[in-house]
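The values are calculated or read from the model by the stated rules, or taken from the named source; none is laboratory data. Only a predicted model underlies this, so the values are computations on that prediction, with no experimental measurement involved. Cβ sites come from the backbone with ideal geometry, for glycine too, and all protein chains shown count toward neighbours. The area values use the complete protein model at the heavy-atom level, side chains included, leaving out ligands, DNA and RNA. Shrake-Rupley method; radii C 1.70, N 1.55, O 1.52, S 1.80 Å.
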Amino acid sequence: MRVLDLMTTEVVTVTPGISLKEAARTMTDLGVSGLPVLDDQGRIVGIITEADFLAREAGRAEPRRRRLLDALFSEPQVAEAENVEQAMTLDPVVIYPEASLTEAARVMVNHGVKRLPVVDADGRLRGVISRADVVAAFTRPDDVIEDEIREDVIRRILFLEDGAVDVKVADGVVTLRGTVPTKSDARLLEELTRRLDGVVRLIAEVGFEVDDQRPVQ
């Protein structure tokens, strides 16, 4: 299963010039902890999160007395930021639509983030996938997954007879064994099974009677 199968495509975003107060109000109203920041071309240039607001407040809490040189030569602090561009996190961690859910989960864990903006090759935002999306996909019961493979994929899509392919599911790992009429059927069976919610891994031992993908001599 890929990121594009589960990502949210209707994403609320903000622009760099929007005020921090408005961004905070939007996050509160939506109940989210972060918002992608896009430029005029729809490309992601940053992300504003709860952590950015916390950093700003921590800056406010610094002692008022600072050394004269610090005051004269230091760069403006996050505490002084008034708009999103001044406080946002630059170069946020992103992922591509074609990435697997396993890869998305690995990126989230490695970078300690709850959600990932999904971008295309040009850096334009296509959606967002969250930790909750990934967890939900891996918690479907095995018997539900097995029934979906048997009824929807094998019978309704491939029109195969009962027993043509043996299906077993254990902790999200699907094992397929059997023989199908053509090589195209075998490839379609594997691809459709991989895309089902809750499929962690696929073990396919499926043969075919006719190689219908051989070039014509």
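Pick from P117, P181, P36: which residue has the top mean-square fluctuation in a GNM of the chain where Cα pairs under 10 Å get a spring?
Comparing P117, P181, P36 in the GNM, the peak value goes to P181.
Report, largest value first, the span of the C-alpha coordinates of the chain along each principal axis, in whole Å.
82, 42, 30
Leaving out ligands, DNA and RNA, what percent of the accessible area of the chain is carbon and sulfur, probe 1.4 Å? Intermediate results must be reported in sequence, preceding the final value.
Values: 6640 of 13450 Å².
Result for the chain: 49 percent of the exposed heavy-atom area is carbon or sulfur.
Please calculate how many Å² of accessible area the chain carries per residue, with a 1.4 Å probe and no DNA, RNA or ligand atoms counted. Spell out each step's value before the answer.
Numbers: 13450 Å² over 217 residues.
Per-residue accessible area for the chain comes out at 62 Å².
Quick one: Karplus J couplings for the range 15-28, per residue in order, coefficients 6.51, -1.76, 1.60, θ = phi - 60°, nearest Hz, x for Gly and Pro?
9, x, x, 5, 6, 4, 4, 5, 5, 5, 5, 4, 4, 5
Provide the gained length on full extension for the span T26 to T9, in nm with one decimal, where the gain is 0.36 nm per separating residue minus the Cα-Cα distance. Mind showing how you got there, number by number?
Numbers: separation 17, 0.36 × 17 = 6.12 nm, distance 1.77 nm.
Gain on stretching T26 to T9: 4.3 nm.
Counting DSSP beta bridges in the range 109-217, what percent are antiparallel, to the nearest 5? Walk me through the numbers before you get to the answer.
Numbers: 11 of 20 bridges.
Within the range 109-217, antiparallel bridges account for around 55 percent of the total.
Apply the Karplus parameterisation 6.51 cos²θ - 1.76 cosθ + 1.60, with θ equal to phi minus 60°, to every residue of the range 91-101 and state each ³J(HN,Hα) to the nearest whole Hz, in sequence, with x for glycine and proline.
Working through the residues one at a time gives 6, x, 6, 10, 8, 9, x, 7, 5, 7, 5 Hz.
Note down the magnitude of the dipole of the chain about its Cα centre, charges +1 on Lys and Arg C-beta and -1 on Asp and Glu C-beta and zero elsewhere, to the nearest 20 debye.
Details: 28 positive and 40 negative charges, 184 e Å.
Roughly 880 debye for the chain.
Sort T9, T89, T193 from largest to smallest accessible area, using a 1.4 Å probe on the heavy atoms of the protein chains. List each step's numbers first, then the result.
Values: T9 95, T89 60, T193 0 Å².
Putting T9, T89, T193 in descending order of accessible area: T9, T89, T193.
Hey, what do the phi angles of the range 191-198 turn into as Karplus ³J(HN,Hα) couplings, whole Hz, using 6.51/-1.76/1.60 and θ = phi - 60°, x for Gly and Pro?
Going residue by residue, I get 5, 5, 5, 4, 7, 5, 4, x Hz, with x marking Gly and Pro.
Calculate how many DSSP beta bridges within the chain are antiparallel, expressed in % of all such bridges and rounded to the nearest 5.
So the antiparallel bridges in the chain amount to around 65 percent.
With a 1.4 Å probe and all protein chains kept in place, how much accessible area does D142 have, in Å² rounded to the nearest 10?
50
What number comes out for the charge environment of Q41, summing +1 per Lys or Arg and -1 per Asp or Glu over other residues with Cβ under 15 Å away? Provide the component values of the computation, followed by the final result.
Numbers: positive: R43, R124, R126; negative: D39, D40, D120, D122.
Charge balance in the 15 Å sphere: -1.
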